[in-house]
Structures are given as C-alpha cells and as structure tokens.
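The values are calculated or read from the model by the stated rules, or taken from the named source; none is laboratory data. Here the structure is a predicted model, which means the values were calculated and not measured. Because the Cβ atoms are built from the backbone with ideal geometry, glycine has one as well, and the counts that use them run over all protein chains shown. The protein model used for the area step is the full one, side chains on, heavy atoms only, and it has no ligands, DNA or RNA in it. Shrake-Rupley method; radii C 1.70, N 1.55, O 1.52, S 1.80 Å.
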Amino acid sequence: MRVVYMGRKPTASEGLKHLIQKRVTVVVVVAPPKDQPVHWKNRLSDTAESYGIPTASDEDLYRYLREGNRKDYTFSLEDIDLVISVLFWKRIKRPLIELPKIGCINFHPAPLPEYRGFAPYSFGIYENQSHWGVSAHFVDETFDTGDIIKTRTFKIDPRQETAFSLEQKSQVFLLELFDEVIDELLQKGTLPRAPQDIGRLRTKEDFENLRRIQSGDTAEEIERKVRAFWYPPYSGAAVEIGGREYTLVSEELLEELGKKYHK
C-alpha cells in the first residue's frame, strides 16, 4: 500500500512509525517545516528523515498534481492508495482528496459531529462533557464532515480536566484508533463508512471570544474557562487591563505546576 502521510505533533510521529512497522510504503510526509518552532519533541519531519522518507509541504503536493513535468520532485504521487492526516493543521483540498484509490482519511481528536474544527478540547470542557472521544473519518472539502469510519469514547471529569490534560489523554486513544483502522484496512482492503449527522464547526474566532472573561461571568464560569483554556505556553482564559492581556490561573493549577517544578 502506497501512502501520503500528513500531520504534526508526537502522535503523528508515532503513527508514522507504526506504518513503517506494518510495511506500508510512505512515499512522502507533509509536516511542519524544521524552522517552525514547536513546543514538543519527536518532530514528524525528524521521524520521516530517520526512515529516509522525503518531506514536502502541502503546496508542493498541489503543485505536483497541477504540473506535467514532475522530474524535479523527490517523491512520486503515482498509484497512491491512501492519504492519511493525523492532526494536520490545514484544510485538505482537491485534487489531493481525489488522488488515492481508497480515500483520504483523517484522525480527529474529538467526537464527531459534535466537535468539528478548532480547539475541541476547550469547548468540550467548557460545555461540561462527561465523555470524550476520538474519530476517524473520510475527508471531504469541508472541515471534519466526511463519513465516519470508527470512533473511540472514554469518560472524563470536566471539573478536573484542562485543555492540556484532555489532549494528553486523547492522544493515547487516537493512536489506538489509528492502529485499529490501519489494521482493518490492511486485512480487509476496505473501510466502513457512515454519514455524519448535523453538527457544529468551532472556529478560532469562537475560541478567542469564549476564552475572554466577561464582566457578567459567574465565579463557576470563570473557573470553567480557566481549565478549558489552560494550554501553556499559549494564552488561556484572559482579562485585559490597560490594553494588555493577562492569562488567569487557579490555585489548583498553581499547586499542580509547583509539584512538577519542584520534582
């Protein structure tokens, strides 16, 4: 099976390792460029390099598919069976969606169709969800709306979770789901698919509006926002004073940080 692999964050790196172990041929990896600063180790581009797999940008792929002369490229997009996205940060477009024989699939770290789009962990905690999940779905031309392949769900306590802690838990389940889907495809040669119901797309604008503390917010709502938007080093639940923004932190988070700092 010949695959185009797109993603970021350590989970994407681990997924790539799993594909290689399963003897899947990854022809090219699309990852954040090496000069782009990230806040984690285990970069996808480094993992690809360690296996001798060429890396490219998504624009390189679209340019390849537009041009007739493809001799200057370090990869070939001929006879592609599958395009895989794991936490890829941009919308995948035609003709890349239509390139693979089997399809283009995405691994999304939230339940679908309820939590499409940007920063789903924050919205889930803010909305007091007692269960969370991860999803594998086919990619179409809009964000996170394609047919569902498979999901995994698990219990959470929204009173204790932060955006950061929920991401850490979700990544474990996402990698397990990745293995299940790839194994099923390799064994059966096909994947199940079921249309999604009506859902909601969360945008960056929604995120920015919600994380700001409003004068009418209750103490309970402020506490929820502090947890829902806690993801250092990024700005969390915030107040603006004198034209400058300040992130709020609770006593519980300070205690947690103190324990880690003083280890």
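At-a-glance table
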{"item": "For the chain, built as a Gaussian network whose Cα springs stay under 10 Å, the top-fluctuating residue of VAL83, VAL239, VAL226", "result": "VAL239"}
{"item": "Span from the the range 147-162 Cα centroid across to the the range 100-114 one, whole angstrom", "result": "16 Å"}
{"item": "Exposure ranking of SER165, SER13 by accessible area [1.4 Å probe, largest first]", "result": "SER165, SER13"}
{"item": "Prolate/oblate/rounded call for the range 85-220, Cα gyration tensor, a/c under 1.5 rounded", "result": "prolate"}
{"item": "Separation in nanometres of the label points that stand 7 Å from Cα toward Cβ, at LYS169 and ASP79", "result": "4.5 nm"}
{"item": "Sites LYS41 and HIS262, calculated FRET efficiency, Cβ-Cβ separation with R0 30 Å, nearest 0.05", "result": "0.85"}
{"item": "Assigned charges on the beta-carbon of Lys, Arg, Asp, Glu; the chain dipole about Cα centre (debye)", "result": "560 debye"}
{"item": "Using θ = phi - 60° and Karplus 6.51 cos²θ - 1.76 cosθ + 1.60, couplings along the range 110-119 (whole Hz; Gly, Pro as x)", "result": "7, x, 10, x, 5, 10, 8, x, 7, 6"}
{"item": "Label of the coordinate-derived value, Cα Rg over 2.2 N^0.38 Å, listed as (i) 1.83; (ii) 0.98; (iii) 1.09", "result": "(iii)"}
{"item": "Heavy-atom surface of the range 30-145, accessible at 1.4 Å and reported per residue (Å²)", "result": "47 Å²"}
{"item": "Accessible area (Å², 1.4 Å probe, nearest 10) - GLU176", "result": "80 Å²"}
{"item": "Accessible surface of ASP35 - all protein chains present, 1.4 Å probe, nearest 10 Å²", "result": "130 Å²"}
{"item": "Computed FRET value (nearest 0.05) for HIS18 with GLU251, which takes r as the C-beta separation and R₀ as 35 Å", "result": "0.30"}
{"item": "Rounded accessible area of ARG212 (nearest 10 Å², 1.4 Å probe)", "result": "80 Å²"}
{"item": "Filtered trypsin sites (Lys or Arg not before Pro), the range 160-207: DSSP coil and at most 12 other beta carbons within 10 Å", "result": "ARG200"}
{"item": "In the range 1-90, the GluC sites (Glu not before Pro) that fall in loop regions by DSSP, at most 14 other Cβ within 10 Å", "result": "GLU67, GLU78"}
{"item": "Candidate residues ILE213, ILE182: accessible-area rank, largest first, probe 1.4 Å", "result": "ILE213, ILE182"}
{"item": "Positive-end extreme of charge dipole, the chain - chosen from ALA110, ALA237, VAL172 (charges on Cβ)", "result": "VAL172"}
{"item": "Accessible area in the full protein assembly, largest first, 1.4 Å probe, for TRP132, TRP40, TRP230, TRP89", "result": "TRP89, TRP40, TRP230, TRP132"}
{"item": "Fraction of accessible area attributable to carbon and sulfur, the range 82-190 (%, probe 1.4 Å)", "result": "50 percent"}
{"item": "Gain on full stretching of the segment that runs from ARG91 to ARG66 - 0.36 nm per residue minus C-alpha separation", "result": "7.2 nm"}
{"item": "Selection of trypsin sites (Lys or Arg not before Pro), the range 27-84, meeting DSSP coil and at most 10 other Cβ within 10 Å", "result": "LYS41, LYS71"}
{"item": "Pairwise FRET efficiency - HIS131 versus ASP217, Cβ, R0 = 25 Å, nearest 0.05", "result": "0.45"}
